[in-house]
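Down below is the structure, laid out as structure tokens.
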Amino acid sequence: MSSSRLIGVGVGPGDPELVTVKGVNALRAADVVVVPVMDTGERGRAEATVLHYVPEEKVVRVVFALNERSDRGRREAAWDAAGERVAQLLGTHGAVAFATIGDPNVYSTFTYLAQTIGELVPGTVVETVPGITAMQDLAARSGAVLTEGTEPLTLVPVTAGAAVLKDALAGPGTVVAYKFGRQAGEVAEALRETGRLDDAVWGSALGLPEESVRPAAELDGSPLPYLSTLIAPARRDGGRGGKL
């Protein structure tokens, strides 16, 4: 049985100042820090953020088929290969951190890695350090209030289909949509049909030089960055404290 530790560390949506103190300490305390990269090799947000806090020689780049949805075989093969590489690292190091954008328990690649490691290296202790999510950062940058009083909050990945988003928008409370960039036109139409367009806001590359935070009313159907985030605030007409 392994006595190693695998720690999923949420490093936020891109702004290095939004990594928590606990996250920074976990990255620095780990023997190595694994960062996910696409097979095209470019530096991702997680890696760029991590390099603000740990030396490059401590970082290990592991290829994942990120954003792969159509080719299940390719996706599974990438997960298996990544798991094997991390298992090797766990065999020679006591603590391996895996840096993921956002939070490791919210639509994160870390979930699949942890499952794979559980099978490959039984007994590995798996821990997570929470991170600030894109919806929190977008709310702060745009001034959108996520919830008040008894309002529900619904988080939808638009990769599940625009119909799922439309159903959520027809309900109560605030709706947050992740990964909607490739279906921006359908998202704009869903907002119009449900009367949720005027107060909605979207953002991408939050905290980075190419950051964009715009009213959803400006969506014209053109494709946006894949990791775009949308907030459609709850309908509020009861004044201060109206939802208590």
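The values are calculated or read from the model by the stated rules, or taken from the named source; none is laboratory data. Keep in mind it's a predicted model, so treat the numbers as computed, not measured. No Cβ is skipped: glycine too gets one built from the backbone with ideal geometry, and neighbour counts run over all protein chains shown. Side chains included, ligands, DNA and RNA excluded: accessible areas come from the protein's heavy atoms. Shrake-Rupley method; radii C 1.70, N 1.55, O 1.52, S 1.80 Å.
DSSP loop GluC sites (Glu not before Pro) in the stretch 1-98 with at most 14 other Cβ atoms within 10 Å of their Cβ, which ones? Don't skip to the answer; put the middle values down first.
Details: sites: 17, 42, 47, 56, 57, 68, 76, 84; in loops: 42, 68.
Qualifying residues, ordered by number: 42.
How much length, in nm to one decimal, is gained on full extension between residue 163 and residue 88, taken as 0.36 nm per residue of separation minus their Cα-Cα distance? Let's see the in-between values first.
Details: separation 75, 0.36 × 75 = 27.00 nm, distance 4.21 nm.
That works out to 22.8 nm of additional length.
For the chain, a Gaussian network of Cα nodes joined below 10 Å ranks 221, 73, 12 by mean-square fluctuation, and the top entry is 73. Between amide H atoms placed 1.01 Å from N, distances below 5 Å from residue 34 occur with 60, 97, 98, 99, all of them 5 or more places distant or on a separate chain. The GluC sites (Glu not before Pro) of the stretch 165-244 meeting both criteria, a DSSP state outside H, G, I, E and B (loop) and at most 12 other C-beta atoms within 10 angstrom of the site's C-beta, are 210.
Keeping all protein chains in place and using 1.4 angstrom, which order do 135, 38 fall into by accessible surface area, from largest down?
Final ranking, largest accessible area leading: 38, 135.
Taking the accessible area of the chain, probe 1.4 Å, and keeping the other protein chains in place, the carbon and sulfur fraction comes to 50%.
Between 0 and 90 degrees, the angle of helix 184-193 with respect to the longest Cα principal axis of the chain falls at about 40 degrees. The label point for residue 217 and the one for residue 150, both projected 7 Å from the Cα toward the Cβ, are 3.1 nm apart. Considering only 35, 96, 54, give the residue with the highest GNM mean-square fluctuation for the chain, with springs between Cα atoms whenever their separation is below 10 Å. In this elastic network of the chain, the residue with the biggest mean-square fluctuation among 35, 96, 54 is 54. Only Cα pairs under 8 Å and 6+ residues apart enter the sum, and on that basis the relative contact order of the stretch 107-244 stands at 27 percent.
Shape class of the stretch 1-92 from the Cα gyration tensor (axes a ≥ b ≥ c, square roots of the eigenvalues): oblate, since a/c reaches 1.5 or more and a/b does not exceed b/c.
Over the stretch 1-159, how many percent of alpha carbon pairs lie in each 5 Å bin up to the one with the longest distance? Final binned percentages: 1, 9, 18, 21, 20, 14, 9, 5, 2, 0.
Using every Cα-Cα pair within the stretch 167-244, state what percent have a distance larger than 15 Å. Taking all Cα-Cα pairs of the stretch 167-244, the fraction more than 15 Å apart is 54 percent.
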